[in-house]
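The values are calculated or read from the model by the stated rules, or taken from the named source; none is laboratory data. What you see is a predicted model, and the numbers here were worked out from it, not measured in a lab. Neighbour counts run over all protein chains shown; Cβ positions are idealised from the backbone, glycine included. Ligands, DNA and RNA are excluded from the accessible area calculation, which covers all protein heavy atoms including side chains. Shrake-Rupley method; radii C 1.70, N 1.55, O 1.52, S 1.80 Å.
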Amino acid sequence: MHRFSLGTLIAGAVLGEHRAQPQWRSPPPKSAYAAVIVGGGGHGLGTAYYLAKEHGVRDVAVLEKGWIGGGNTGRNTTIIRSNYLQQESAAIYEHALRLWEGLARELNYNVMFSQRGVLMLAHNDHDVHSLKRHVYANRLNGIDNEWLTPQEAKAICPPLNIAPTVRYPVVGAALQRRGGVARHDAVAWGYARAADAMGVDIIENCEVLGFMRDPRGAVAGLETSRGPIRAARVGIVAAGHTSVVLARAGLKLPLESFPLQALVSEPVKPVFPSVVMSNTIHAYISQSDKGELVIGAGTDQYISYSQQGGLHIAAHTLAAICELFPQFSRLRMLRNWGGIVDVTPDRSPIIGLTPIPGLYVNCGWGTGGFKATPGSAHVFAHTIATGEPHSIAAPFAIDRFSTGRLIDEAAAAAVAH
Amino acid sequence: MLLIPCPYCGPRPEIEFRCGGEAHIARPQDPAKVDDAAWGDYLFLRTNPKGVHAERWVHTHGCRRWFNALRDTLSDRILATHAVGERRPDPPR
């Protein structure tokens with residue numbers, strides 16, 4: 001792997017970009033691998049990376065139906081935080097946040113992780129109680145989170161309108177200073193590059209059409225659009241299309257797929273120093289390093305694979321944004337798109353084994369998977385390598401939907417669930 | 001936004017409706033007699049198809065009646081709607 005450093009940066013600046021090389025190979029699929037990951041988003045590529053790096057399983061392929069990072073990894077609003085209420089959630093998202101903090105150095109790739117602080121607004125008594133409960137629960141779990149007055153919130157994010165006269169006035173806020181954003185494409189590319197350097201094959205335009213089983217019923221390989229690939233261990237990390245892939249193995253999970261929308265404004269000068277979320281009036285917003293305001297809207301009420309949502313969903317969020325930040329009311333929106341998110345009944349992910357030996361699944365991240373990318377990949381790689389769930393992943397096993405030990409995270413995103 | 005043909009009121013905009021999720025999920029006759037897995041399946045397991053989906057809608061801001069719909073989840077096109085209790089129509093090909 002060609003390592004990046006200050007020297008290569010200066011050389012690139014002086015000698016020009018034409019020296020740039022592809023950062024990973026594009027090999028044809030081999031006939032067999034030790035393990036195959038289905039889904040070339042951040043979670044899947046990361047899983048392959050940690051399989052190779054931490055478990056010495058380097059004979060790995062990542063199969064991607066489209067192009068890597070072209071699904072939800074490239075469509076989300078890149079918000080990273082770990083201030084979840086339940087202990088199980090706090091453990092996995094904090095595990096991810098700690099990995100985020102060293103990720104650029106670990107991958108030798110600038111993922112532009114910026115801990116600019118995530119502000120979650122309260123607009124009524126219920127919000128105050130709920131967010132303060134989160135603050136206290138987080139502190140007991142060793143996660144930073146603090147309660148701010150409206151004036152303190154405005155000091156963190158000056159564009160915020162804290163006038164008491166607006167329809168839903170800001171009456172307080174919770175701030176996680178270690179939260180922030182990262183460059184989503186760079187996360188996929190960084191993991192791809194680092195995994196490739198350790199021998200992982202990244203195979204794009206390769207759709208899984210069926211599953212091969214051995215006489216015991218265990219997974220023996222995959223039928224794909226680029227031919228059969230044998231593997232005794234298969235990990236499915238297909239986000240919104242998990243149900244579609246698993247249906248080809250005859251498996252059904254408690255998942256429903258919804259379009260989740262996001263949009264960006266025209267680029268402007270730096271005006272917005274933090275991330276702001278409001279669950280109650282349903283807005284989340286940050287500013288990218290290019291200057292665009294990145295705005296997250298909600299999911300449609302019906303399941304869909306259309307990768308586009310209703311305009312009224314985006315309009316609803318923009319109305320909230322314009323009330324909280326009146327100066328943005330004349331900004332034009334450049335692009336609006338949708339991604340398909342797989343949502344579980346308790347809004348927590350499913351990570352672990354399936355009834356089919358050798359088949360593992362990591363799905364159900366719903367509207368909030370990006371922030372978990374490194375942690376999710378790390379514990380899933382452990383699960384695939386050892387055949388046993390990682391201790392952090394164990395509570396997220398499928399059997400919680402029959403035992404009733406749900407991990408209720410309805411507050412997982414600023415999305416009205 | 002979808003334009004949804006309510007079987008009672010005719011085509012109306014989606015914001016008048018609430019979607020009730022997958023249709024034709026039968027509650028076990030005697031919940032005490034089914035095991036945890038079967039009860040969990042009833043509560044949580046959904047088909048989630050990429051294609052034709054049978055689902056329930058309620059015309060909240062209209063006639064307030066429930067009805068069933070067949071919708072293609074890839075194109076979001078509503079193929080048919082029908083009253084609860086009526087036989088589910090075959091989707092047009």
*Counting Lys +1, Arg +1, Asp -1, Glu -1, what net charge surrounds A:SER402 among other residues with beta carbon under 9 Å of its beta carbon?*
-3
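Quote the total accessible area buried by chains B and A together, excluding ligands, DNA and RNA, probe 1.4 Å, nearest 100 Å².
Interface area, both chains combined: 2000 Å², rounded to the nearest 100.
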*Rounded, prolate or oblate: which fits region A:39-96, taking a ≥ b ≥ c as square roots of the Cα gyration tensor eigenvalues, rounded meaning a/c under 1.5, else prolate when a/b beats b/c?*
oblate
_Percent accessible area from carbon and sulfur atoms, the protein assembly as shown, protein chains only, probe 1.4 Å_ = 53
*asked:* Translational diffusion coefficient of region A:302-348 at 4 °C, 1.567 mPa s, Stokes-Einstein with Kirkwood Rh over Cα pairs, in µm²/s as a whole number.
replied: 101
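Test of understanding: what is the full-extension gain from A:HIS2 to A:ALA20, defined as 0.36 nm times their sequence separation minus their Cα-Cα distance? Walk me through the intermediate numbers first.
On the way: separation 18, 0.36 × 18 = 6.48 nm, distance 1.02 nm.
Additional length available on full extension: 5.5 nm.
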*GNM on chain A, C-alpha springs below 10 Å: top fluctuator among A:THR367, A:THR403, A:THR383?*
A:THR403
*Only Lys, Arg, Asp and Glu count, each charged at its Cβ (+1, +1, -1, -1), so figure out the dipole size of chain A about its Cα centre, rounded to 20 debye.*
520
*Choice from A:HIS95, A:HIS378, A:HIS126 with maximal GNM fluctuation in chain A (Cα, 10 Å cutoff)*: A:HIS126
*Please list, or write none, the aspartates and glutamates whose alpha carbon is within less than 20 Å of the alpha carbon of A:LYS53, excluding same-chain residues fewer than 8 places away.*
A:GLU101, A:GLU106, A:ASP196, A:ASP201, A:GLU388
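So which chymotrypsin sites (Phe, Trp or Tyr not before Pro) in region A:305-406 are both in a DSSP loop and have at most 13 other Cβ atoms within 10 Å of their Cβ?
Within region A:305-406, no chymotrypsin sites (Phe, Trp or Tyr not before Pro) qualify (loop, at most 13 other Cβ atoms within 10 Å).
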*Any number yet on Rg/Rh for the protein assembly as shown, C-alpha, Kirkwood?*
0.97
*Accessible area in square angstrom per residue, the protein assembly as shown, 1.4 angstrom probe*: 43
*Tell me, which residues of region A:374-402 get at least 40 Å² less accessible area when the other protein chains come in, versus the chain alone (1.4 Å probe)?*
A:PHE401, A:SER402
*Place the peptides A:18-25, B:50-57, A:338-345, A:42-49 in order of packing, highest mean first, counting for every residue the other Cβ atoms within 10 Å and averaging per peptide.*
A:42-49, A:338-345, B:50-57, A:18-25
*With chain A treated as a Gaussian network of Cα nodes joined by springs under 10 Å, which of A:ARG248, A:ARG216, A:ARG193 yields the largest mean-square fluctuation?*
A:ARG216
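Count the net charge of all other residues whose Cβ sits under 13 Å from the Cβ of A:GLU223, scoring Lys and Arg as +1 and Asp and Glu as -1.
+3
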*Which is farthest toward the positive dipole end of region B:1-80 among B:PRO7, B:TRP39, B:SER75, measuring Cα position about the Cα centre, with Cβ charges +1 (Lys, Arg) and -1 (Asp, Glu)?*
B:PRO7
*asked:* Helix-only mean residue ellipticity at 222 nm, chain A, DSSP H runs n ≥ 4 weighted -39,500 (n - 2.57), per residue, nearest 500. What is it?
replied: -8500 deg cm²/dmol
*Where both residues lie in the protein assembly as shown, what percent of DSSP beta bridges are antiparallel, nearest 5?*
80
